[in-house]
Amino acid sequence: MLTNAALQDVDYAGLDAAEGRTEEEQALAWNEQLQQPVLLARDPDEVARERQRIRDVLARGRELEALPELAEQQPTPFDGEIPEITDLESMARAVIFGSLAVAARLHLSLYSDDRVIRVLARQAGLPSFGTLAIVEALAKRGLLTGEAKDRAREALQEAGAIDFSGED
């Protein structure tokens, strides 16, 4: 399950990534060796595969139960921090504080790969975890081999999703 604001955020970001760009993706980067800017062009087939994966994830996300961030009959300490969504900043705040409110209201652990959000949740007394904890739990239960666990950790690190220097 996820909050309505989180689903709206995923829709916004995912549709932009999957539909809102040209077929040709380019980026300007700095080449340290040449000491000059270089233009990087992505393989169109790779871009098409990535966009299809995004569409698939969006479709699966829309199948999840979306819950309202606020419930008058069950107030939480986070309710006053949930703004009306008017722009990207308010959307981010609604996702963060709405997710904390739903987790508190339903007595659930909060899943987030954002370390700051996990720390915020823990400071508020809410258990929280990220993808690395899921990988570790799957391996511990024998549902993931040691080799697959190592590959998953490497992929997360290469993608910049985790930083092992400050694991929590």
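Here is a check on your reading of the model: is Ser128 crowded, with 18+ Cβ neighbours inside 10 Å, touching a Leu at 6+ places or on another chain (Cβ under 6 Å) and either under 30 Å from Gln26 (Cβ atoms) or among the hydroxyl-bearing types (Ser, Thr, Tyr) (or both)? When the stated conditions are applied, Ser128 passes them.
Can you find a residue that is touching a residue at least 60 places away in the same chain (Cβ under 8 Å), closer than 16 Å to Val10 by Cβ and surrounded by 14 or more Cβ atoms within 10 Å (Cβ to Cβ) anywhere in region 102-113? Spell out the reasoning first.
Let us first name the residues in region 102-113 that are touching a residue at least 60 places away in the same chain (Cβ under 8 Å), namely 102.
If we keep only those that are closer than 16 Å to Val10 by Cβ too, we end up with 102.
Now drop any that are not surrounded by 14 or more Cβ atoms within 10 Å (Cβ to Cβ), which leaves 102.
So far as region 102-113 goes, yes, one or more of its residues are touching a residue at least 60 places away in the same chain (Cβ under 8 Å), closer than 16 Å to Val10 by Cβ and surrounded by 14 or more Cβ atoms within 10 Å (Cβ to Cβ).
Could you please let me know if Leu156 is part of a helix (DSSP H, G or I), at pLDDT below 90, surrounded by 14 or more Cβ atoms within 10 Å (Cβ to Cβ) and not small (Gly, Ala, Ser)? So Leu156 fits the description; yes. Contact map, region 37-64: first residue at pLDDT below 85, second residue hydroxyl-bearing (Ser, Thr, Tyr) and not in a strand (DSSP E or B), Cβ cut-off under 9 Å, separation 6 or more or different chains; the map is empty.
Report yes if some residue within region 12-31 is in contact with a helix residue (DSSP H, G or I) (Cβ under 9 Å, 6 or more places away or on another chain), touching a residue at least 24 places away in the same chain (Cβ under 8 Å), of a type outside the set (A, V, I, L, M) and closer than 27 Å to Leu126 by Cβ; otherwise report no. Among the residues of region 12-31, at least one is in contact with a helix residue (DSSP H, G or I) (Cβ under 9 Å, 6 or more places away or on another chain), touching a residue at least 24 places away in the same chain (Cβ under 8 Å), of a type outside the set (A, V, I, L, M) and closer than 27 Å to Leu126 by Cβ, which makes the answer yes.
Close contacts from region 137-149, counting a first residue that is closer than 19 Å to Tyr111 by Cα and hydroxyl-bearing (Ser, Thr, Tyr) and a second that is modelled with pLDDT under 95 and exposed (fewer than 13 other Cβ atoms within 10 Å of the Cβ), with Cβ to Cβ under 8 Å and a gap of 6+ residues or different chains, come to none at all. In region 10-19 there is at least one residue matching the filter, namely being of a type in the set (Val, Ile, Thr), at pLDDT below 85 and closer than 27 Å to Ser109 by Cα. Condition check: within 30 Å of Asp16 (Cα to Cα) and of a type in the set (Lys, Arg). Does Arg115 satisfy that? Spelling it out, Arg115 is indeed within 30 Å of Asp16 (Cα to Cα) and of a type in the set (Lys, Arg).
Of the residues making up region 140-153, those that are outside any loop (DSSP other than H, G, I, E, B) and surrounded by 10 or more Cβ atoms within 10 Å (Cβ to Cβ) are Lys140, Ala148, Lys149, Asp150, Arg151, Ala152, Arg153.
The values are calculated or read from the model by the stated rules, or taken from the named source; none is laboratory data. Computed from a predicted model, the values in this text were never measured in an experiment. Cβ atoms come from the backbone with ideal geometry, glycine included; neighbour counts cover every protein chain shown.
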